Amino acid sequence: MIISGKNSVTEAIRADSNIERIVIDKAKSKVYSALIAEAAQKGIKVSFAEAIVLDKQSGDKNNKGIIAKLASLYILTSLTK
């Protein structure tokens, strides 16, 4: 799953969501410097890409130059009788 936009990504970081990686538009790296530091403190990988890559990955041109890729969760349940 991918979430996009500054507010959504910020809230996901602060909520300790299962974020695999954050991808930031290379041209906006200074704008997100505080968010990058916060992600690093929590051990979240951060990478940089061109805006067109973020647009393709998010499927949305209104991603504000930042997306977060959430790790897939597999929930296993066992049924006992």
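Collect residues whose amide H, placed 1.01 Å from N in the peptide plane, falls under 5 Å from the amide H of residue 19; neighbours closer than 5 in sequence don't count.
For residue 19, the qualifying residues are 71.
Considering the values [x] 19, 57, 24, 1; [y] 16, 48, 26, 10, 1; [z] 19, 51, 19, 7, 4, 1, which represents P(r) over Cα pairs in 10 Å bins from 0, in percent as calculated for the structure under consideration?
[z]
Show me 19-28, 33-42, 56-65 ranked by packing, highest mean number of other Cβ atoms within 10 Å first.
Details: 19-28: 17.9, 33-42: 13.3, 56-65: 15.3.
Packing order, densest peptide first, comes out as 19-28, 56-65, 33-42.
Can you list the lysines whose alpha carbon sits under 30 Å from that of residue 69, skipping same-chain ones fewer than 8 residues off?
In chain and number order, the partners are 6, 26, 28, 30, 42, 45, 56, 61.
Please sort by residue number the chymotrypsin sites (Phe, Trp or Tyr not before Pro) in region 1-75 whose DSSP state is loop and whose Cβ has at most 16 other Cβ atoms within 10 Å.
Numbers: sites: 32, 48, 74; in loops: 32, 74.
Of the chymotrypsin sites (Phe, Trp or Tyr not before Pro), the ones in loops of region 1-75 whose Cβ has at most 16 other Cβ atoms within 10 Å are 74.
Rule-based calculations on the coordinates, nothing more; no lab input. Since this is a predicted model, take the numbers as computed values, not measurements. Cβ coordinates were reconstructed from backbone atoms using ideal geometry, including for glycine residues, and neighbour counts include every protein chain displayed.
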